[in-house]
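Quick notes on the structure that follows.
The values are calculated or read from the model by the stated rules, or taken from the named source; none is laboratory data. What you see is a predicted model; the values in this text were computed from it and never measured. No Cβ is skipped: glycine too gets one built from the backbone with ideal geometry, and neighbour counts run over all protein chains shown.
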Amino acid sequence: MSKLDKNNKNIKNEQENGTEMPFGRDNYLWVIIGLAFLLIGFLLMIGGGSDNPDVFNEAIFNFRRLTLAPILVLIGFGIQIYAIMKKPRN
């Protein structure tokens, strides 16, 4: 029996048993891309505090923390939703 025949037999068995994977390879790739955007966004939000509580640090109001990082986080969540909703190729 050839490798292709074995693969087709396994796919048919999975479909009959209802054990088919809910996501395909593309879905998992999109999930990883979305997680990368989320991680970068949250990392960009870190910092800006002051070691001394009596001194105010203006760095918490810069472009990176107030604009760029939240946009990256929202893009990451959008990619995650796309990855979940995308139909896998068979």
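Inside segment 55-65, can you point out the residues that are of a type outside the set (S, T, N, Q), surrounded by 10 or more Cβ atoms within 10 Å (Cβ to Cβ) and over 24 Å from Phe77 (Cα atoms)?
Ala59
Just one of the numbered conditions (1) at pLDDT below 95; (2) out of contact with any Leu (no Cβ under 9 Å at 6 or more places or on another chain); (3) surrounded by 15 or more Cβ atoms within 10 Å (Cβ to Cβ) is not true of Asn52; which one?
Single failed check for Asn52: (3).
Among (1) modelled with pLDDT under 85; (2) surrounded by 13 or more Cβ atoms within 10 Å (Cβ to Cβ), where does Gln15 come up short?
That leaves (2) as the condition not met.
Going through Ala59, Ala83, Ala36 one at a time, which residue ends up being in a helix (DSSP H, G or I) and either over 10 Å from the mean Cα position of the chain (by Cα) or among the basic types (Lys, Arg) (or both)?
Exactly one residue qualifies, and that residue is Ala59.
Tell me yes or no: at least one residue of segment 75-89 is surrounded by 14 or more Cβ atoms within 10 Å (Cβ to Cβ), of a type in the set (Val, Ile, Thr) and either modelled with pLDDT of 95 or more or in contact with a helix residue (DSSP H, G or I) (Cβ under 7 Å, 6 or more places away or on another chain) (or both).
Looking through segment 75-89, at least one residue is surrounded by 14 or more Cβ atoms within 10 Å (Cβ to Cβ), of a type in the set (Val, Ile, Thr) and either modelled with pLDDT of 95 or more or in contact with a helix residue (DSSP H, G or I) (Cβ under 7 Å, 6 or more places away or on another chain) (or both).
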